[in-house]
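The values are calculated or read from the model by the stated rules, or taken from the named source; none is laboratory data. Everything quoted here is computed from the prediction, not taken from an experiment. Cβ placement follows ideal geometry from the backbone for every residue including glycine, while neighbour counts extend to all protein chains displayed.
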Amino acid sequence: MSEKNSYEVGFSSDAMKEPRRIVFITRKTSAKVKGDVGPQLMSYPHVILREGIVFQILTIVLVALALFWDAPLEQLANPLLTPNPAKAPWYFLGLQELLHYFPPIVAGVLIPTLVVVALMVIPYFGVNVQGEPLWGRSRRTRLQIFLGVFVTLFVFLAIYQAWTVLVPTVLVAALALVPYFQPSSPSRFVRYLMSRTLPWWVMTWFIAVALTLTTVGTFFRGPGWSWVWPWR
């Protein structure tokens, strides 16, 4: 190589987040990193045919359901007669259930915004990049942080008497503490919980709360948004 060419060498400083690369850059060439090409699979026919088959099966199932079961439609809408309770569609019943406990600005704006931001930010946390279990290291420190967050959330939900959020929160927290107090248990279920990461526990808590709110809003809310049993 000619001695007139100047080279610059750049490399990553964090091997946990980025694979280390050494790049030689000249004035006439751009930086290129070539690696081994992994196994490839054509989208057609392998993927598209499978998607077509699944779509046809789904269509057949929906048509069969429509033939044997009538849609639960009510009478024509009457602007002078408001149904009691006036329920939102099932995918909004969780938010409507939150409105039963919290002020509108909290249940309709603050909580959904925080949930969406958390779901976008958590995957980029260092603990998610490393894929380390919740109780993998620094067990005592993590236990103190875990209990502090849980107690704060428990007191907040108890003040507003948001039991439909509090109950799944307590259940998920109890499951998360099982592998901490039984680290050497021979149970396969405990070992499975031991290997779960922090983002997995956060997502499990979010799904449990969402399912509980939707289920309660669908089957257990009657006139005046009061608690009723579905079989009465």
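Evaluating LEU114 against the criteria (1) closer than 22 Å to LEU93 by Cα; (2) at pLDDT 90 or above leaves one unmet condition, (2). The combined condition, being touching a Ser or Thr at 6+ places or on another chain (Cβ under 9 Å), closer than 16 Å to THR204 by Cα and touching a residue at least 24 places away in the same chain (Cβ under 8 Å), is fulfilled by VAL165. If you go through the stretch 123-179 and keep only what is under 28 Å from PRO103 (Cβ atoms), small (Gly, Ala, Ser) and surrounded by 13 or more Cβ atoms within 10 Å (Cβ to Cβ), you end up with ALA162, ALA173.
Going by the conditions given, is LEU211 assigned to a helix (DSSP H, G or I), surrounded by 14 or more Cβ atoms within 10 Å (Cβ to Cβ) and out of contact with any Ser or Thr (no Cβ under 7 Å at 6 or more places or on another chain)? No. Among the residues of the stretch 90-118 satisfying the criterion of being β-branched (Val, Ile, Thr) and more than 17 Å from the chain's Cα centre (by Cα), which is surrounded by the most Cβ atoms within 10 Å (Cβ to Cβ)? Across the stretch 90-118, the extreme among qualifying residues is VAL106. Among the residues of the stretch 218-227, are any part of a helix (DSSP H, G or I), over 25 Å from PRO85 (Cβ atoms), free of Cβ contacts under 8 Å to residues at least 40 places away in the same chain and over 18 Å from the mean Cα position of the chain (by Cα)? Checked the stretch 218-227: no residue is part of a helix (DSSP H, G or I), over 25 Å from PRO85 (Cβ atoms), free of Cβ contacts under 8 Å to residues at least 40 places away in the same chain and over 18 Å from the mean Cα position of the chain (by Cα).
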